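What follows draws every value from the coordinates through simple rules; no lab data is involved. Note that the structure is a prediction, hence the values are computed from the model and not measured. Here the Cβ is made from the backbone with ideal geometry for all residues, glycine too, and neighbour counts use every protein chain on show.
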Amino acid sequence: MPGLRQYGGRCFTAKEAPVRPVPLLPLYAALLGAALAGCTAEAPGPAAAPRPAESRSSAGAGPPAPSSGTPPPTRTPAQLPQGGVKIFPAYRVVAYYGTAGNGALGVLGEDHPDRMLPKLRAAAKPFAGDRKVQVAYELIATVAQGGPGADGDYSRMIPLSRIQQYVDQARRHKVLVILDLQPGRGDFLPQARKLERFLVQPHVGLALDPEWRMPAGKVPGRTIGRVGAAEVNRVSAYLAGLVAGHALPEKLFVLHQFRASMLPDISRVEKRRGLALVQHVDGFGTRAEKDATWQRLHRPQQFHLGYKLFYDEDIKRYRAADVLKFKPAPELVSFQ
């Protein structure tokens, strides 16, 4: 609609658009288009080595060695940061969202993780309810770009050393990490494979952000993206394979959404053993606008539910006590 700008779920005229910090990346300008609420009612892990083929010749072949009858040892799964192998329903996860060294893309990047962690713990404490709180960093590992870049995919991975910094610090302090992907014109799966060194660690999960998954010929920041269930299912199968192959505890697998078109065939997204599949409902604005988005999109019959709170953009931001009254209450809450 000419003259309208979308800001994470709200709609303004150009003159009414709120003043926001200018991000380091130009694509984080206001997205054009109709708003959700208020405007409209690297390689996979090695496979097990093949068993040697039995000789097909009977010459000189003796009888097979008797079995000892002792079953092979089973691998004990690694534990989550605070214990156990299942995230839900034991924990409610509360996360800070953003990328390394860039506060314009989310609160997590406003300072060094050592200085952000106490703030995160304080923000997370009121969300416990009837569960134990597990804090998390949702770190944007690949950032959508306004230009094609050297490989033409309109996406750039942050330095692996910065990801390692967050993953290592999180391990020391019993924090979960969710690596968020914004693939531009690329596919989610190749980006996920490049992060395998991190994903095989017990405390590291994955998030897909369809807003930044561009159709052919489209540019991030000018179009709200989308992804089909087939691509989502390929990524979840890969991630579940890592869990099984490395005897890992349950991992978070998060799908972000603030409009139906971002996941057009969401009903075909498959559940996977070893993954806690979360539909994370985003979008900011007034309480009425956010409520409308939540009611329109959330699918508790299919997913664990997540909910995003915006420090700057939400109007009369929901408090923890308010969020815990949602039916059902979100199991993952993130702050941006």
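Some values worked out for this structure:
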quantity: Dipole magnitude of the stretch 79-335, debye to nearest 20 (Cβ charges: Lys/Arg +1, Asp/Glu -1, about Cα centre); calculated: 560
quantity: Whichever aspartates and glutamates have a C-alpha closer than 12 Å to that of Lys327, once near sequence neighbours (fewer than 8 apart) are set aside; calculated: Asp291
quantity: Those trypsin sites (Lys or Arg not before Pro) in the stretch 270-311 that DSSP places in a loop and that have at most 15 other beta carbons within 10 Å; calculated: Lys271, Arg273
quantity: Under 16 Å from the Cα of Lys251 - aspartates and glutamates, other chains or at least 8 residues apart; calculated: Glu138, Asp180, Glu196, Glu270, Glu331
quantity: Net charge dipole size for the stretch 254-336 [Lys, Arg +1 and Asp, Glu -1 on Cβ; Debye, nearest 20]; calculated: 280
